[in-house]
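Q: This structure is in C-alpha cells; I'll ask about it shortly.
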4 protein chains.
Amino acid sequence: MEIRALRSEDRPQWQALYDDYHRFYDRPDLPDAFFDQAFTRLIADDPSDFHGLVAEADGILLGLTHYVFHPHLWRPEGTCYLQDLYTAPDARGRGVARALIEAVYTAADRSGTPAVYWLTQETNYAGRMLYDRVGRQSGFIRYNRPL
Amino acid sequence: MEIRALRSEDRPQWQALYDDYHRFYDRPDLPDAFFDQAFTRLIADDPSDFHGLVAEADGILLGLTHYVFHPHLWRPEGTCYLQDLYTAPDARGRGVARALIEAVYTAADRSGTPAVYWLTQETNYAGRMLYDRVGRQSGFIRYNRPL
Amino acid sequence: MEIRALRSEDRPQWQALYDDYHRFYDRPDLPDAFFDQAFTRLIADDPSDFHGLVAEADGILLGLTHYVFHPHLWRPEGTCYLQDLYTAPDARGRGVARALIEAVYTAADRSGTPAVYWLTQETNYAGRMLYDRVGRQSGFIRYNRPL
Amino acid sequence: MEIRALRSEDRPQWQALYDDYHRFYDRPDLPDAFFDQAFTRLIADDPSDFHGLVAEADGILLGLTHYVFHPHLWRPEGTCYLQDLYTAPDARGRGVARALIEAVYTAADRSGTPAVYWLTQETNYAGRMLYDRVGRQSGFIRYNRPL
C-alpha cells in the first residue's frame, strides 16, 4: 500500500470512494457537478485550498483523505483541518485510515503547520477506536449555526 | 450596547479582555508579542484572516469575538469559524455573547458564507446554556494530533 | 435552612415540589395515586425502599431528595442511589441542592454504605455545575432497554 | 450456545471469566474471597440480590451477566440493573453479549419488572456498537460521590 497525492487519473475511483463516504453520512445522490468541483479544487495544488491523499495498492484506491490549512489566531503558522477520511469497506482492517492520518501529519510537518485536528461523530465507534490511538480526544464539541 | 468591528484604539481594552479569556482556558502569562501579533492581524482587514468584533457600552468593551472564513470542500462558498468568544465577568447576563454570535451570523451572511460553527468544551455549562439556544449541538467531537 | 427526614405533615408541600420536578422532566399530569404511592413508600421507613429528605426554612419546603440503598455485586455493603433531587425555583442559589446531596452522603455513611451515585442528563448544565464540585463525573453513560 | 442460570459447578470457569472482566476494567488481583462472596450471592437465589446467567457451548462458558432488581420510586414494580456483562475474548463475534442481554430482558419480563438498564464507559466502543442496537442511549451520565 502506498500513500500518495491525488492525481488526475484517479478521478473515477476517487469519485466512487467519495460518493460512498457521503452516502455513509446520509448525503446520497450528490450531483456530478459536486464531484467535478471538489476534484478540480483538490487537483489545483492551491496551497490555501484542500489537498487530497489516497491509499493505493495494485492500482486500486483503498481510501482517501482531504485536508486544508487555515488561519488560527493563536498559532501564527495556522492549523491543519483533516476534513474527510474514508476507507473502502473491503479494505478495512489493513491500516489504511491510520496510514492516511499519519501522511497528513507528515504533510503538516512539511508545511510548518504541525497542528492537525479533525471532527467525528460521538457515535463513530469504529473510527474512534483508531482516533484514540493516533490522536487525542480534546473534550471540545462542535456547535453549528442552525440554517 | 453596540456591536462593532474592532478598531485600533481598542487595543488596551481588547488586550485586557483577550488576556482574561486565555487565563480562563489555562493559558496565563502570554507575552505582549502574542497580543501584538493577534491584534495586527485582526486590524489588517485581510479577508482570508481573522476578523474581530467587540461589544461596547459607554466606551467600555464588554466582550469580543474573533472569526475567520476558511475553505470547506463540500461548500464552495466556505465556512465561518468563530474561534474566540468572551464576555467580561461583570458584563455577564446582559446578552453580550448572544449579540456577538448573532453579529457573526450577520457578517457571515454578508460574506455569502452563512455556515458558522464553533467549538466548546463539553463542560462549558454556562456557554452551552446559550449555545443550545442560538446554535445546535452537532454531535461531532474534536480530536487533535498529539504534539 | 434545615435538612431533615420527610414527615407525614409535609405531604402537600412535598407533592407540589415533586410534581414540579416531574414537569421539569416532561412528565406532567401525574395522577394523585402516583403521589400517594410514592409518599407512602417514603414515609414507611423500610430500609430496603426509598428514603426522603427535605430542605426546610420557616416552615417552607425548599427542596427534596429521594434515595435508596441497593445491592452491588462488588461491594458487599451495597450502594446508595440518589434518584430524585429538586430545588424550588425561587430557592435556587442558596445551596439547597448541595446541602441535600451532602445529607445523603451523611445518611449513606451512617448506613455503612458510603458509595453514592446519581444520574443526570448530559445537558443539565445548571445541575452539573454543582455536581462537578460535590461529585465526580464517572465517564459512564446509561443505556435503557427500549420499551 | 445456550443461555442458562449460573450453577454451582460453574465456579472455576465463572471465576476465570469474572476475573478477566475485572482486569479489563483495571481491577486486577482481586482476592479469592471476593469471588467466593460474589459466587455465593449469585447462587443463593435470593430474589432481592444478584442473579447470574451464563452462555455455554460444549461445556465451555463463553460469557456471563449479573443483574439485580431494585426499587424505583416512579415504578412500583422496580427496575432491573444489569451490572456485569462479559464475553470471553475468543468467543467474540458470535452474539454472546446480545444473547445474554436478551436473556436478562426475558427474566425481567418474567419478574414483572420489564425496565432494564445498564451503564457503560463512554469510550467502550465495541460494547456501544451492540448497545445501540439492543438498547437506547438515554442521554444520562453517572456521577459518583468522591471517596
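The values are calculated or read from the model by the stated rules, or taken from the named source; none is laboratory data. Fair warning: this is a prediction, and the values are worked out from it, not measured in the lab. Note that each Cβ is placed from the backbone with ideal geometry, even for glycine, and that neighbours are counted across all protein chains shown. The accessibility values were calculated without ligands, DNA or RNA, using every heavy atom of the protein model including side chains. Shrake-Rupley method; radii C 1.70, N 1.55, O 1.52, S 1.80 Å.
Q: Report the closest approach of any chain A C-beta to the axis of the A-to-B rotation: residue and distance, in whole angstrom.
A: Axis relating chain A to chain B; nearest Cβ residue and distance: A:His70, 2.
Q: Ignoring ligands, DNA and RNA, what percent of the 1.4 Å accessible area of segment C:2-134 is carbon and sulfur?
A: 49 percent
Q: Can you give the accessible area per residue of segment D:53-147, in Å², using a 1.4 Å probe?
A: Value returned for segment D:53-147: 39 Å² of accessible area per residue.
Q: On to the next question. With springs only between Cα atoms under 10 Å, which of C:Thr65, C:Thr123, C:Thr40 fluctuates most in a Gaussian network model of chain C?
A: Maximum fluctuation in the GNM of chain C, among the listed residues, is at C:Thr123.
Q: Further question on the same structure: Hey, got the dipole for segment B:2-134? About the Cα centre, +1 on K and R Cβ, -1 on D and E Cβ, debye to the nearest 20?
A: With Lys and Arg at +1 and Asp and Glu at -1, about 420 debye.
Q: Which of these, B:Ala126, B:Ala38, B:Ala91, has the largest mean-square fluctuation under a Gaussian network model of chain B (Cα springs below 10 Å)?
A: Highest fluctuation among the options: B:Ala126.
Q: Can you list, shortest first and in nm, the gaps between the label point of A:Gly95 and those of its counterparts in the other copies, using a point 7 Å from Cα in the C-beta direction?
A: Distances to the matching label points in the other copies: 3.5, 5.8, 5.9 nm.
Q: A plus B alone minus the pair: what accessible area, both sides summed, probe 1.4 Å, in Å² to 100?
A: Buried surface at the A/B interface: approximately 5100 Å².
Q: Average partner chain C-beta neighbours within 10 Å, per residue of B:133-139? Please list the in-between numbers first.
A: Values: counts 0, 3, 5, 6, 7, 7, 9.
Other-chain Cβ atoms within 10 Å of each residue's Cβ, averaged: 5.
Q: Oh, and also: Where the only charges are on Cβ atoms (+1 Lys, Arg; -1 Asp, Glu), what is the dipole of the protein assembly as shown about its Cα centre, to the nearest 20 debye?
A: 0 debye
Q: Calculate one ³J(HN,Hα) per residue across segment B:81-98 by plugging θ = phi - 60° into the Karplus curve 6.51 cos²θ - 1.76 cosθ + 1.60, and present them in order as whole Hz with x for glycine and proline.
A: Calculated HN-Hα couplings, in order: 9, 8, 7, 10, 8, 8, 10, 4, x, 7, 10, 5, x, 10, x, 5, 5, 4 Hz.
Q: How big is the protein assembly as shown in terms of Cα radius of gyration and Dmax, in angstroms?
A: 28.1, 82
Q: Are there trypsin sites (Lys or Arg not before Pro) in segment C:49-147 that DSSP marks as loop and that have at most 16 other Cβ atoms within 10 Å, and which are they?
A: C:Arg92, C:Arg94
Q: With θ set to phi - 60°, apply the Karplus curve 6.51 cos²θ - 1.76 cosθ + 1.60 along segment C:29-43 and write out the HN-Hα couplings as whole Hz, x wherever there is a Gly or Pro.
A: 6, 6, x, 3, 4, 4, 5, 3, 5, 4, 5, 4, 5, 5, 7
Q: Let me confirm one metric for peptide A:16-25, namely the mean number of other chain beta-carbon atoms within 10 Å of its residues' beta-carbons.
A: 0
Q: Here's something else I'd like to know. May I ask you to report, in nm to one decimal and beginning with the shortest, the distances from A:Asp29 to the same position in the other copies, taking label points 7 Å along Cα-to-Cβ?
A: Reported distances to equivalent positions: 3.9, 6.0, 6.2 nm.
Q: Something else about it: Using the alpha carbon gyration tensor of segment C:2-134, what are the three equivalent-ellipsoid semi-axes (square root of 5 times each eigenvalue), largest first, in whole Å?
A: 22, 18, 15
Q: Please list, in chain and number order, the residues 5+ apart from C:Leu6 or on another chain whose amide H is under 5 Å from its amide H, with Hs placed from the backbone.
A: C:Gly52, C:Leu53, C:Val54
Q: Sticking with this structure for a sec: Express the relative contact order of chain A as a whole percentage, based on alpha carbon pairs under 8 Å and six or more residues apart in sequence.
A: Averaging sequence separation for qualifying contacts and normalising by length gives 19 percent for chain A.
Q: Would you kindly calculate the mean projected area, averaged across all directions, of the convex hull enclosing the Cα atoms of segment D:93-147, in square nanometres?
A: On the way: hull surface 20.8 nm².
Its average projected convex-hull area is 5.2 nm².
Q: Could you pull the copy-to-copy label distances for C:Glu56, with points set 7 Å along Cα to Cβ, in nm to one decimal and sorted shortest first?
A: With the label placed 7 Å along Cα→Cβ, C:Glu56 yields 5.6, 5.8, 8.1 nm.
Q: Output ³J(HN,Hα) for segment D:120-133: one whole-Hz value per residue in order, computed from phi by the Karplus curve 6.51 cos²θ - 1.76 cosθ + 1.60 with θ = phi - 60°, and x for Gly and Pro.
A: For segment D:120-133, the Karplus curve yields 8, 5, 4, 9, 7, 5, 4, x, 5, 4, 6, 4, 5, 8 Hz.
Q: Net charge around B:Asp49, counting only other residues with Cβ within less than 14 Å of its Cβ (Lys, Arg = +1; Asp, Glu = -1)?
A: Details: positive: A:Arg75, B:Arg41; negative: A:Glu77, B:Asp45, B:Asp46, B:Asp84.
With Lys, Arg at +1 and Asp, Glu at -1, the net is -2.
Q: Mind telling me which of B:Arg23, B:Arg11, B:Arg75 comes out most flexible in a GNM of chain B, alpha-carbon contacts under 10 Å?
A: The residue that fluctuates most here is B:Arg75.
Q: Sticking with this structure for a sec: What size of dipole, in debye to the nearest 20, comes out for segment A:1-76 about its Cα centre when the only charges are +1 on Lys and Arg C-beta atoms and -1 on Asp and Glu C-beta atoms? Before the final figure, lay out the partial values.
A: Values: 7 positive and 14 negative charges, 66 e Å.
Approximately 320 debye in magnitude.
Q: Quickly estimate the mean residue ellipticity at 222 nm for chain C, helices only: each DSSP H run with n ≥ 4 gives -39500 (n - 2.57), and the total goes over all residues, rounded to 500.
A: Taken over chain C, the calculation gives -11000 deg cm²/dmol.
Q: OK, next. Can you list residues whose amide H is under 5 Å from D:Gln83's amide H, if they're 5+ apart or on another chain and H is modeled 1.01 Å from N?
A: D:His66, D:Tyr67, D:Val68
Q: Follow-up question, since we're still on this one. Per residue of D:77-84, what is the mean number of Cβ atoms on other protein chains within 10 angstrom of that residue's Cβ?
A: Counting Cβ atoms of other protein chains within 10 Å of each residue's Cβ and averaging gives 3.
Q: Okay, next question. Evaluate the distance, in nm, between pseudo-label points positioned 7 Å from the Cα of C:Gln121 and of B:Ala16 along their respective Cα→Cβ axes.
A: Modelled inter-label distance: 3.9 nm.
Q: Within 13 Å, Cβ to Cβ, of A:Asp36, how many net charges do the neighbouring residues add up to if Lys/Arg are +1 and Asp/Glu are -1?
A: Here the charged neighbours net out to 0.
Q: Which residues' amide hydrogens lie under 5 Å from the amide hydrogen of B:Val116, considering only partners 5 or more residues apart or on another chain, with H built in the peptide plane?
A: When sequence neighbours closer than 5 places are left aside, the close amide H contacts are A:Arg145, B:Cys80.
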